[in-house]
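The values are calculated or read from the model by the stated rules, or taken from the named source; none is laboratory data. As the structure is a computational prediction, the values presented were derived from the model and not from experiment. Cβ coordinates were reconstructed from backbone atoms using ideal geometry, including for glycine residues, and neighbour counts include every protein chain displayed.
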Amino acid sequence: MTYETLLYTVDDRILTITLNRPDRLNAFTGRMADELIDAFDRADADDAIKVVIVTGAGRAFCAGADLESGGDTWGKHSDALAAQSADLRYVGDGGGRVTRRIYDFNKPVIAAINGPAVGIGLTMTLAMDIRLAAAQTKLGFVFAGRGIVPEACSAWFLPRIVGISKALEWCYSARVFRSEEALDAGLVRSLHGPDELLPTARGLAKEFIDNSSAVSIALIRQMMWRMLNAPHPIDAHEIDTAALSELGKSADAREGITAFLQKRPAQFTDRVSSNMPTFFPWWTDRQFRKL
């Protein structure tokens, strides 16, 4: 796919996806949704990419959905959804398709929120693992103020990140708030000046790359996210038992222990594309039980 709304840049094993409609404050479109999904598909298939950073071009991260159709925007959106399929659970709106793709991703994703992020511009980041933001940045879950509801699977992600009370306060009020409030609520990890944001995100990405096995990270990412909704610790116990059983015999496990004993950095060689354990992805296997 040729990207019209994104920049896709790989440097030192880090992919930076830049939302690139600066003249529209990187407003979200159907084309952008398709391109984001394609970009994450490409990155998942490329073993040379270890971490993804998502940021915006210009002075905004993403100003939300492009409202150039004015008051008819959501009516046209509703018509488009109705025309897709009777089974909307597996089709759905563009924002939800993006966050579901990120949720299924096998590598760390860092949001570097460089400027205003409202509506889908903020909800798309909820499926990302870590959010960094510029100081004094405007953020908002403004949907109720537009006569609609939060999309992009927000009702699943947001309460898990900040708790039900804060999630409802932000969504009920539809107010725009600053990144300092987001930091206090745990929505973002840290705040940075304009020149520090991307270097900090890249430094965090390098820490993941230099210290850890890519296969271990892929499993940890899926285990952590998917256990958020598990009814009992036994569900986690089943997965970590299976993972320890298989990864304990892997080349990366041998290298990790050897490097530790030799007091040197580990050189991990296992690949996400070819060395994942046999039970992965376990959540698609209804027969998966205690191993």
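Quick notes on this structure:
- Residues in the stretch 11-57 that are more than 22 Å from E196 (Cβ to Cβ) and part of a strand (DSSP E or B): F28 alone.
- L67 modelled with pLDDT under 95, in the same structural domain as A155 (by TED's automatic domain parsing), in contact with a Ser or Thr (Cβ under 6 Å, 6 or more places away or on another chain) and surrounded by fewer than 22 Cβ atoms within 10 Å (Cβ to Cβ): yes
- The one condition in (1) in contact (Cβ under 8 Å) with a residue 40 or more places away in the chain; (2) over 30 Å from D12 (Cβ atoms); (3) out of contact with any helix residue (DSSP H, G or I) (no Cβ under 9 Å at 6 or more places or on another chain) that P231 fails to fulfil: (1)
- Residue that is nearest to the chain's Cα centre (by Cα) [pool: residues in the stretch 210-241 that are crowded, with 17+ Cβ neighbours inside 10 Å and more than 13 Å from W283 (Cα to Cα)]: R221
- Options A134, A205: the member that is buried (at least 20 other Cβ atoms within 10 Å of the Cβ), of a type in the set (G, A, S) and touching a His at 6+ places or on another chain (Cβ under 7 Å): A134
- Boolean, D270 is touching a helix residue (DSSP H, G or I) at 6+ places or on another chain (Cβ under 9 Å) and assigned to a loop (DSSP other than H, G, I, E, B): yes
- In the set I161, I113, only one residue is in contact with a helix residue (DSSP H, G or I) (Cβ under 7 Å, 6 or more places away or on another chain), among the aliphatic types (A, V, I, L, M) and buried (at least 20 other Cβ atoms within 10 Å of the Cβ); that residue is I113.
- Inspection of the stretch 263-286 finds a residue satisfying the criterion of being at pLDDT below 95 and of a type in the set (D, E, K, R).
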